[in-house]
Each structure stands twice: as C-alpha cells, then as structure tokens.
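The structure appears right after this line, and notes come after that.
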Amino acid sequence: MKDLEKLNFDEKLEKLKKLKEERDAVILAHYYVNEDIQAIADYIGDSFFLAQKATELKKRTIVMAGVYFMGESVKILNPGKTVSMPDIGADCPMAHMISVEKIKEMREKYEDLAVVTYINSTAEIKAYSDICVTSSNAAKIVNKLKEKNIFFVPDKNLGNYIKKSLPNKNVILNDGCCPVHDEIDVNDVRAYKGKVKILAHPECRKEILDLADFIGSTKAIIKESGKYDDVLVVTEEGIFTELKKKYPNINLRKLKKEAICNDMKKLTVDKVIRAIKNNENQVEVDKEISKRALIPLKRMLELGA
Ligand code: 13P
Ligand code: SF4
C-alpha cells in the first residue's frame, strides 16, 4: 500500500471503511492510544470493557489497538477469530514483572492461596493464575474469593490499594509496577489538593492515591469527571481525548509533567489500516496456555460484571 502516507484523514477513513467490510473486521481501542486512532475505532474502553466487548462481537476479525496483553486476552477469549494488532511490538513492560517460578514458590508456601492476576500480564502468567482482574473490578473480585491469602501480581501499586481496601484479606504484593504511573511526581499532584477534585488511576503510587478524591479505572475516571467542573486527572494523557470530547465545559487539568505510555503511542492509523489489509501482526497463543488462561479470564468476566 505505497500511497497510504499521502492520503488525508478522510481518505484513510474511506479506505478503512471498505477494508473493514471486506475483511469483516472491527476495531477496538484503549483510551491511551493516539487521538486519531480513537477517532477511527468502533469501540473505545478500559481493559475490562474491551475484554468483555470482544466476547460479544460477531465479526471475523478483531483489531485490538492497544498493547500486546490486550490482543492476547482477546485471542484467548476468541480462539477461532483472527486477532490483529496495529503494532505487535507495543507491549506493557509491567506484564513481564512476574515469573511462573515465583507463583509456584508462593503456592508451596501457602495452602490457602489465590493467585490474582492483573490483566496486564502475559498469557503464560494467566495460565498459572486462579483469576484475572482489571483496575475496574479488582477489589470487588478479591472480596468475593474464599481464600484469605491473595498473591496479587504483577502490580504492587494496585495490589497495595486492594490491600488497604480489604483488611480482611492477607494481600501479598509482588515487586512490579507500571513505569508510567509509578513515575508521576507526587508534588505535581499535591499542588492541587483541596483546590480541584483529584482523580487517579490505581496504578499510581500510594502517596498519590492518598491525595486522590477518586480512584478508578480509565472508564471510571471518565464517568466520575462528569460530576465536577474542575478536575486533575492523574493517569496517562491519552484519556484526555475522551474527556475533552465528552466534557467540553469542564476545566480538565493535566499534570505538569504528562504521563505518557510510549508503547501505546507506537500505534498509528496507517498501522491499523495495514493490519486489516494484510491480516498483519496476528496474535497467536500456544493452545495449551490459551486453554488454561481462558479459565481465569472467564472467571473475571463472571465475577467482575
Ligand atoms: P484501564 O483498565 O483502567 O483502562 O487500565 C489499563 C492500563 O494499562 C492502565 O495503565
Ligand atoms: Fe502498561 Fe503502564 Fe502503558 Fe498501561 S500505561 S500499558 S500499565 S506501561
């Protein structure tokens, strides 16, 4: 597709429309991808919404505009479909911050243990887990589990938030985190305390969550923002695309040093078009791992709904 770069946005949109029909394809996108991709997506959402939506779609091809674990989850939930990614190299570093060996070690140590895995993880880790969660349902799901000991992986910040919310559980943390959220400067947030409503993602460090008026997933933050006139949104900057569209009259404040996920930003509209046209960057998951990983993902969809 030599001339793709020369087309303007409307021409690309037209091309995409035809290609989607030809390939029977649908585009899912996360709130952190670039604005133009959010504009061409059929559905935009947080990790839970995207996983759930993927199970409801009738299309033969699903293009997951996000990072690799998102495409992998869609493929595990839809093994018979073609799942493509605009950029297969867009990966979430936190997904690799826990090992199967560590999980096995913890299972030996505790008899009454549930391994609760954040969806930001590899298929292999999911295969060794009891249940998956996302930031929108983690506390709700953990609270429903019969086990008292919870090994929460890979995110220590989300894990710590759950630990604080559920004192009845013994939540054991793993030393992993999202580098983008973990690096947000607490002073940047403190400057707004008491002046505007502070809404933060639970992947942020404890000092930041302690300052927040509301803690939730990207989707929950967007919904909550609608209740106020002036908000500081503490998460990856891509969320502002939807916030600005939905609430043109709200004073939406950004961090002084914006949080940017370079992996989400690797995606472009041209890469989305190529993925559909050439059936490029297809996600493949080992059959055995996929079968095992489907169990905790399905449990999440049941308990998290
Ligand atoms: P959400 O599920 O809240 O959209 O978060 C996904 C993610 O990767 C946050 O960094
Ligand atoms: Fe992973 Fe953080 Fe990027 Fe989300 S923002 S995809 S957790 S690196």
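The values are calculated or read from the model by the stated rules, or taken from the named source; none is laboratory data. Note that the structure is predicted; figures quoted are calculated from it, not measured. Cβ sites come from the backbone with ideal geometry, for glycine too, and all protein chains shown count toward neighbours. Please note that ligands, DNA and RNA were not included when accessible areas were found on the heavy atoms of the full protein model with its side chains. Shrake-Rupley method; radii C 1.70, N 1.55, O 1.52, S 1.80 Å.
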Using Cα centres only, tell me the gap between region 225-243 and region 85-100 in whole Å. 26 Å
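For LYS257 and ASP213, what is the calculated FRET efficiency with R₀ set at 22 Å and r taken between the beta-carbons, to the nearest 0.05?
0.55
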Would you please classify the overall shape of region 252-302 from the alpha carbon gyration tensor, given that a ≥ b ≥ c denote the square roots of the eigenvalues, rounded means a/c under 1.5, and beyond that prolate means a/b larger than b/c while oblate covers the rest? oblate
Environment charge of GLY194, counting only residues whose C-beta is closer than 13 Å and scoring Lys/Arg +1, Asp/Glu -1: +2
Past 23 Å, Cα to Cα, is the threshold; run LYS104/LYS291; LYS227/LYS265; LYS156/LYS245; LYS271/LYS298 against it and keep the listed order. LYS227/LYS265; LYS156/LYS245; LYS271/LYS298
For region 167-305, just say rounded, prolate or oblate: build the C-alpha gyration tensor, square-root its eigenvalues into a ≥ b ≥ c, call rounded for a/c under 1.5, and beyond that prolate if a/b exceeds b/c, oblate if not. oblate
Lys and Arg at +1, Asp and Glu at -1: add these up for the other residues within a Cβ distance under 15 Å of LYS169 and post the number. +3
I'd like to check one number: the per residue accessible area of the chain, probe 1.4 Å, reported in Å² as a whole number. 45 Å²
Sort 49-62, 118-131 by packing, meaning the average of other beta carbons within 10 Å per residue, with the highest value first. 118-131, 49-62
Charged-residue dipole, Cβ positions (Lys, Arg, Asp, Glu), the chain about Cα centre, Debye nearest 20: 720 debye
If packing is taken as the average number of other Cβ atoms within 10 Å across a peptide's residues, how do 268-281, 93-106 rank, most packed first? 268-281, 93-106
Estimated vicinal HN-Hα couplings, Hz - region 109-121 in sequence order (Karplus 6.51, -1.76, 1.60; Gly, Pro = x): 6, 10, 7, 9, 10, 10, 8, 9, 10, 4, 4, 6, 7
Could you work out the local net charge near GLU302, counting Lys and Arg as +1, Asp and Glu as -1, over the other residues with Cβ closer than 14 Å to its Cβ? +3
What's the magnitude of the charge dipole for region 1-92 around its Cα centre, counting Lys and Arg as +1 and Asp and Glu as -1 at the beta-carbon? Answer in Debye, nearest 20. 440 debye
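Let me know the shape class of the chain, please: from the alpha-carbon gyration tensor, a ≥ b ≥ c as square roots of the eigenvalues, rounded when a/c is under 1.5, otherwise prolate if a/b is greater than b/c, or oblate.
oblate
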Region 180-305: relative contact order from alpha carbon pairs under 8 Å, six or more residues apart, as a whole percent, is 21 percent
Kirkwood Rh, Cα Rg: Rg to Rh for region 56-143? 1.02
Rounded Å value of the spacing that divides the Cα centres of region 20-47 and region 126-169: 29 Å
